[in-house]
Structures are given as C-alpha cells and as structure tokens.
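Contents: one structure, followed by commentary.
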Amino acid sequence: MSDSSKPPVIAIDGPTASGKGTVAALVANALGFHYLDSGALYRLVSLASEREGISTENASFLSKIAASMLVSFQNGQIMLGNEDVSDLIRTEKIGRRASKLAVHPEVRQALVRLQHDFRQNPGLVADGRDMASVLFPDARLKVFLTASVAARAERRYKQLIAKGFSANMSDLLLDLTARDARDSSRGSAPLIVAEGAIVLDTSDLSIDQAVSQVMRWYEASSKSSA
Ligand code: C5P
C-alpha cells in the first residue's frame, strides 16, 4: 500500500540493460520527479574499492567505503568527491565488480539511507533491482521492466560503442547471462518481480512506448489512490 503522507514513488526494477535507466529518467523528467539510479551507487562502490585494491569478497571494507564515499548527482553528472566519474562507472568491468560486491548484505545496508534520502517532493522514480521489494515497498507504482537477453545485449552493445568503448557481442551475452544469474540467485535482496509489480517486456517496444505505458499506469494508480 502506498503511504500518502510520503512523496510518491515509482519503483522500476529489472535486469541489467533492460532499458530501465533510460525509461526511469524520462518518466522522472516528464513528471518533474527526482530520479534515483541505484545501480550507479553500486558502481561507485565498485570503482572506489577497485582504486583502493579491495577485493569484492571483503564485505566489511566495502561497506565502509559504501558508507563514507562522497557522492553527488549534479546535472546528470555523477560525482565521487570532486571527480566526475559518470563515464568511468559505466564500463563492463566496473558493472561486473558491482554485481559481485552487491551480494553482501552489509554493503546493501550501508547504501539504504543514501537511497531513502532521494524520496523527496514532488516524488521519486527509483530504478534498480530491489526498489519495490526492499527500499520502497510502499511505492505507488511498481514496474518490472525486462527484455530478452538478445535485445538487452544489443542495446548494451550500442550504448558502449556510442560511448567510445570497445564491445564484443558474444562476451556481452555471456556477461549479461552471468550477471542475471548472480543478481537473481543471491540471498540478499535478489532481483525478483515484487508483489504488486506489473511486468513490462520492452523487447519489441520503443523507449517512447515504454515511457508512455509507465505514465499511463502511474496516472491510473494516482486516480485510484486519490
Ligand atoms: O543497474 P546497473 O547495471 O547499473 O547495476 C550494476 C549492478 O549493481 C547490478 O548488476 C546489481 O548487481 C547491482 N545492483 C543491485 N541493486 C540495485 C541496483 C544495482 O544489486 N538496486
């Protein structure tokens, strides 16, 4: 049940490269809501810990980094301290490390407050794996956005090439499959279709179609909760 005393939340969860980041940011923009890219937080822990040579197994050190890193989101840029790391955190290597360190409950716990702080008026669109199940179980709308592995690998390929990174389709397919398996099978906050979530398969949808669908569902949920 959505708590009407708090700013409304639209939770958009789904597997890697499902397009949820793009859709979530556009929905947030259309509604004038805040936007939480929770995956970026795990990627920031990944980058900061890699720089300090910390293994993805070292849960206690990783959670210290997660709790103490200075993160800010400024005009679409992701800052770690004074450094713009927006592109650095998008590499496959950093994403893979992020998915390994995200299995530790201590690391996840260390990022909870930071994520809850994004819930501010007039509302929040939050994208990740556990937005509906763990962080915002009272979200007004819960969407599980997915697409076939082939469609996701192709999107990720285009994204990486557009950013000037090198990419290989068969490596991407293997990597996405491994990451899906790790994210879905972990004991702590696994990727699941949360209770009350609506599944949106975007394999054959354009971004605009996916955004319009989420907006229609949100309008309907706002009417029914008024
Ligand atoms: O969404 P993105 O690919 O940027 O996320 C990177 C990794 O961070 C994911 O593979 C997942 O393991 C982890 N993650 C998570 N919970 C979230 C968001 C991301 O475990 N809410």
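Descriptive notes on the structure:
- When the test is whether a residue is out of contact with any Ser or Thr (no Cβ under 8 Å at 6 or more places or on another chain), at positive phi and surrounded by fewer than 18 Cβ atoms within 10 Å (Cβ to Cβ), residue 164 passes it.
- Residues satisfying the stated conditions in region 98-112, i.e. in contact with a helix residue (DSSP H, G or I) (Cβ under 6 Å, 6 or more places away or on another chain) and either farther than 16 Å from residue 156 by Cβ or without any contact (Cβ under 8 Å) to a residue 12 or more places away in the chain (or both): 101, 102, 104, 106, 107, 110, 111
- Failed condition for residue 196, given (1) within 22 Å of residue 25 (Cβ to Cβ); (2) in contact with a strand residue (DSSP E or B) (Cβ under 6 Å, 6 or more places away or on another chain): (1)
- In region 1-44, the residues that are part of a helix (DSSP H, G or I), within 9 Å of the ligand (Cβ to nearest atom) and in contact with a Leu (Cβ under 8 Å, 6 or more places away or on another chain): 20, 38, 41, 42
- Residue 98 being over 23 Å from residue 142 (Cα atoms), near the ligand (Cβ under 9 Å from one of its atoms) and touching a Phe, Trp or Tyr at 6+ places or on another chain (Cβ under 7 Å): yes
- Scope region 89-128; condition modelled with pLDDT of 95 or more, on the phi < 0 side of the Ramachandran plot, of a type outside the set (A, V, I, L, M) and assigned to a loop (DSSP other than H, G, I, E, B); matching residues: 104, 117, 118, 119, 120, 121, 122
- Among the residues making up region 129-141, a single one is assigned to a loop (DSSP other than H, G, I, E, B), near the ligand (Cβ under 7 Å from one of its atoms) and not basic (Lys, Arg): 130.
- Qualifying positions in region 101-117 - surrounded by fewer than 20 Cβ atoms within 10 Å (Cβ to Cβ) and more than 8 Å from the ligand (Cβ to nearest atom): 105, 106, 109, 112, 113, 114, 116, 117
- Filter result for residue 166 (outside any helix (DSSP H, G or I) and without any contact (Cβ under 8 Å) to a residue 40 or more places away in the chain): yes
- Filter result (of a type in the set (S, T, N, Q) and more than 9 Å from the ligand (Cβ to nearest atom)) within region 45-70: 49, 55, 56, 58, 60, 63, 68
- Among the residues of region 169-193, those that are of a type in the set (A, V, I, L, M, F, W, C), in contact (Cβ under 8 Å) with a residue 40 or more places away in the chain and within 21 Å of residue 204 (Cα to Cα) comprise 172, 176, 193.
The values are calculated or read from the model by the stated rules, or taken from the named source; none is laboratory data. Computed from a predicted model, the values in this text were never measured in an experiment. Reconstructed Cβ throughout: ideal geometry from the backbone, glycine too, with neighbour counts over all protein chains shown.
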